[in-house]
Amino acid sequence: ALTAAAGEFDALGAAALAARARAEADRTGGRPPAPRQLTGTELEVARLAAAGRTNRVIADTLFISPKTVEANLARVYRKLGVASRAELGAVMARADVEG
């Protein structure tokens, strides 16, 4: 997210802000936010999705609707800065190792 912000700042001609965003990305290792920012339900949905479960299986497991699973995954992707289940799996695996 910080790298993307740096690109936006560059496009706007805000070189100082772009440099600051890049420095912060370097300082933090450019890693996405940790899963600790997720709600309980979001975390459970994320864990099951990262483990390869389908939305239907996640819904049945957690006694929620598939649409609720979709909504939770959308929030998880946004909060963690990921765009796919593969990226989600990598973030969740790293969190388990680091956590």
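The values are calculated or read from the model by the stated rules, or taken from the named source; none is laboratory data. Bear in mind that the values here come from a model prediction, so they are computed numbers and not experimental data. Counting neighbours? That spans all protein chains shown, and the Cβs are built from the backbone with ideal geometry, glycine included.
Considering only residues that are more than 13 Å from L43 (Cβ to Cβ) and touching an Asp or Glu at 6+ places or on another chain (Cβ under 8 Å), which ones fall in the stretch 78-99?
Once the filter is applied, which keeps residues that are more than 13 Å from L43 (Cβ to Cβ) and touching an Asp or Glu at 6+ places or on another chain (Cβ under 8 Å), the stretch 78-99 yields nothing.
Do we find that R27 is charged (D, E, K, R) and either closer than 17 Å to T3 by Cα or crowded, with 18+ Cβ neighbours inside 10 Å (or both) in this structure? Spell out the reasoning first.
Numbers: charged (D, E, K, R): yes; either closer than 17 Å to T3 by Cα or crowded, with 18+ Cβ neighbours inside 10 Å (or both): yes.
Judged against the criteria, R27 is a match.
Checking the condition under 22 Å from A5 (Cα atoms), outside any helix (DSSP H, G or I) and either in contact with a helix residue (DSSP H, G or I) (Cβ under 6 Å, 6 or more places away or on another chain) or of a type in the set (A, V, I, L, M, F, W, C) (or both), which residue from V91, V82 passes? Before the answer, list the steps.
Numbers: V91 fails: outside any helix (DSSP H, G or I).
That would be V82, the only listed residue that is under 22 Å from A5 (Cα atoms), outside any helix (DSSP H, G or I) and either in contact with a helix residue (DSSP H, G or I) (Cβ under 6 Å, 6 or more places away or on another chain) or of a type in the set (A, V, I, L, M, F, W, C) (or both).
Return the total of residues in the stretch 43-84 being buried (at least 17 other Cβ atoms within 10 Å of the Cβ), at pLDDT 90 or above and under 10 Å from the mean Cα position of the chain (by Cα).
Summing the residues that are buried (at least 17 other Cβ atoms within 10 Å of the Cβ), at pLDDT 90 or above and under 10 Å from the mean Cα position of the chain (by Cα) in the stretch 43-84 gives 4.
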